[in-house]
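Structure first, then comments.
Please treat every number below as a calculation from the coordinates, not as lab data. Treat the numbers as computed from the prediction; the structure is a model and nothing was measured.
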């Protein structure tokens with residue numbers, strides 16, 4: 001199958017956001033800098049937790065490429081199997097995550113629906129599970145950022161590999177090398 | 001500043017998208033896309049400040065901004081801008097809403113691939129900035145003069161210089 005994005009890419013074989021970043025390096029630089037800071041920079045949230053937030057928001061936005069690649073990165077951080085990818089879709093019934101992360105994911109889901117959907121209720125619940133203000137801030141910003149990345153990837157009609165297994169190497173690379181280079 | 005680590009890449013991004021040199025889209029046209037998307041997201045702060053920046057970059061024509069926000073199809077802008085704003089509105093709802101026919105239509109009206117790319121990315125980025133601002137329930141002044149002043153500063157200096165001090169008068 002030969003699939004073409006909405007715009008001419010320098011390399012049509014590169015999937016998802018990768019083909020876009022490669023085509024427009026001027027905008028790639030701040031986009032990668034932001035992803036690296038949010039998902040791998042200093043934070044009291046683990047890298048695995050942050051990738052789970054990113055992957056969950058991408059799933060809610062129905063962005064297959066971002067969901068599967070970031071879920072695969074989360075699996076690489078947590079050193080668990082690829083089952084995590086589908087478990088994120090189901091709301092993590094089979095993954096042992098903290099109550100704090102579950103409360104932060106509720107905030108992230110409201111952000112995905114719209115910034116004004118976040119209420120004191122979600123914030124208070126998160127605080128009760130021990131979430132700090134910086135953790136709440138970072139959760140809102142990660143969720144908001146993926147409302148950008150997802151729209152960027154889908155709005156330009158990029159192609160994405162189908163099966164979960166196709167994202168193993170990509171996820172490991174994202175987890176271990178990061179977003180400085182793509 | 002609450003979180004300088006994340007402020008740096010965010011400012012870098014908005015500077016790149018809206019203020020740095022662009023092969024074909026003017027600063028004012030890019031600010032117009034940002035303002036329009038912020039208005040669709042009902043983000044008062046972003047809509048007010050980027051509207052003020054756009055105004056300063058588009059011959060101080062405040063009426064033009066108002067007309068675009070009311071209805072881009074009847075506003076006095078180029079056909080190309082109308083097609084780009086249509087794409088931006090679709091991105092605001094959901095990326096997958098952008099169809100090949102929207103792209104063909106934009107190209108027919110003279111839009112280049114870089115213009116289409118940047119329109120999608122600006123619209124997507126403001127779906128982030130708007131959610132960031134509203135999701136943390138930040139203080140959003142209700143003061144047109146203040147936005148006017150901030151817009152004038154950003155139109156001139158871009159987004160990498162420190163803001164001037166504003167008194168937070170929010171009463172909760």
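Once the Cα atoms are used to define both axes, helix A:133-155 deviates from the longest principal axis of chain A by about 30 degrees. Angle, helix B:27-40 long axis vs. longest principal axis of chain B, Cα atoms, 0 to 90°, nearest 10? Taking the Cα atoms of chain B, the angle to B:27-40 is about 80 degrees.
Computed over the alpha-carbon pairs of the protein assembly as shown, the distance histogram in 10 Å steps reads 5, 26, 34, 24, 10, 1 percent, short to long.
What is the helix-to-structure angle for A:25-40, meaning the angle in degrees between its Cα long axis and the longest Cα principal axis of chain A, kept from 0 to 90 and rounded to the nearest 10? Orientation of helix A:25-40: about 30 degrees from the principal axis.
Taking every alpha-carbon pair under 8 Å whose residues sit at least 6 apart, chain A reaches a relative contact order of 34 percent.
As an exercise, take the mean of 1/r over every pair of distinct alpha carbons in segment A:12-86, invert it, and state the Kirkwood radius in angstroms. Here the Kirkwood hydrodynamic radius works out to 13.1 Å. Note that chain A shows a convex hull volume over its alpha carbon atoms of 111 Å³ per residue.
The eigenvalues of the Cα gyration tensor, multiplied by 5 and square-rooted, give segment A:81-182 an equivalent ellipsoid with semi-axes of 26, 18, 14 Å from largest to smallest. Computed over the Cα atoms of segment B:26-157, the ratio of the radius of gyration to the Kirkwood radius (Rg/Rh) comes to 0.96.
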